[in-house]
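The structure under discussion appears below in the form of structure tokens.
The values are calculated or read from the model by the stated rules, or taken from the named source; none is laboratory data. None of the values given here were measured: they were computed from a predicted structure. Here Cβ is always computed from backbone atoms with ideal geometry, including for glycine, and neighbour counts include all displayed protein chains.
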Amino acid sequence: MRIDKYLWCTRYYKTRSQATQACKKGAVKVNQDAVKPSREVFPGDSIQVRKNQIPYSLDVIEIPEHRVGAKLVNLYRVDTTPKEAFENQELLKYSQDYYRKKGTGRPTKKDRRDLEDFTDFSED
């Protein structure tokens, strides 16, 4: 089975075209090699997928005949992604909370003064 179809069948991507684009961009590796979307996948292969800044890693157990339900995905792959990858994602969410929301406009004078106090670049 093609790698893009396998990733779609095991529900890593919503559409097959998204899986194809990920392969073309180099976000998918099979046995440590970047692959094209047409690369065949066999049982025993290890796959690394970078999606939403999380490096997923999985091992292929069996090849599904068609797209499977979410409850049956574990019959076809073993997810070996370390827990630290998901913890790093949580830390990124917290670090982005400080920044202004998109569309709120330019920083105010108070924001500028707060930045100057923080960085000690004020001319006092």
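Taking the criterion of being out of contact with any strand residue (DSSP E or B) (no Cβ under 8 Å at 6 or more places or on another chain) and over 19 Å from Thr81 (Cα atoms), the residues of segment 24-50 that qualify are Lys24, Lys25, Lys36. Scanning segment 2-18 for residues that are in contact (Cβ under 8 Å) with a residue 60 or more places away in the chain and either among the aromatic types (Phe, Trp, Tyr) or part of a helix (DSSP H, G or I) (or both) turns up just one, Cys9. Scanning segment 72-104 for residues that are at pLDDT 85 or above and not in a helix (DSSP H, G or I) yields Tyr76, Arg77, Val78, Asp79, Thr80, Thr81, Pro82.
Scanning segment 32-71 for residues that are free of Cβ contacts under 8 Å to residues at least 24 places away in the same chain, loosely packed, with under 12 Cβ neighbours inside 10 Å and either among the polar types (S, T, N, Q) or not in a loop (DSSP other than H, G, I, E, B) (or both) returns Gln32, Asp33, Lys71.
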